[in-house]
Amino acid sequence: MPTCPRCDSTDCRESPWQSEDEKRAHKGEQAWRCMSCVHRFYAPRPPSWLVDNPLVAMLGVPTLVFMIAVTVIMIIWKS
């Protein structure tokens with residue numbers, strides 16, 4: 001959780017992007033809103049092991065396809 005640069009509060013929540021241009025201008029960052037002083041600011045995006053991990057990304061799609069194939073085969077087999 002980031003700290004507000006104006007009042008040093010940690011009572012902050014993610015704020016939605018106001019436009020695609022704003023999102024592109026702050027790549028790698030997230031917009032935040034301080035709930036204490038209502039200041040809107042940008043801070044580094046919290047790491048996401050699911051999105052930022054290349055190993056998970058590389059293994060995720062084949063695993064999903066394999067699980068779908070197994071499920072379909074099991075449904076057909078029981079019929």
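Where a number appears in this text, it was derived from the coordinates with a stated rule and is not lab data. In this text the structure is predicted, and so the values were computed from the model without any measurement. In this analysis, Cβ positions are derived from the backbone assuming ideal geometry, glycine residues included, and neighbour counts consider all displayed protein chains.
Structure notes:
- For Rg and Dmax of the Cα atoms in Å, computed directly from the structure shown, the correct entry in (i) 18.2, 66; (ii) 20.4, 64; (iii) 11.7, 35 is (ii).
- Sorted by Cβ density within 10 Å, fewest first, the residues PHE41, PHE66: PHE66, PHE41
- Packing-based exposure ordering (other Cβ within 10 Å, fewest first) of CYS7, CYS12: CYS7, CYS12
- Per-residue [θ]222 nm for the chain (sum of -39500 (n - 2.57) over DSSP H runs n ≥ 4, rounded to 500): -13500 deg cm²/dmol
- Sites LEU55 and THR3 - FRET efficiency at Förster radius 30 Å, r taken between beta-carbons, to 0.05: 0.45
- Note on THR71 and HIS26: their simple-model spin labels are 3.7 nm apart, each label 7 Å out from Cα toward Cβ.
- Likely footprinting exposure, TRP17, TRP77, TRP32, fewest C-beta neighbours within 10 Å first: TRP77, TRP17, TRP32
- Against the chain, whose longest principal axis is taken from its Cα atoms, helix 54-78 shows a tilt of about 40°.
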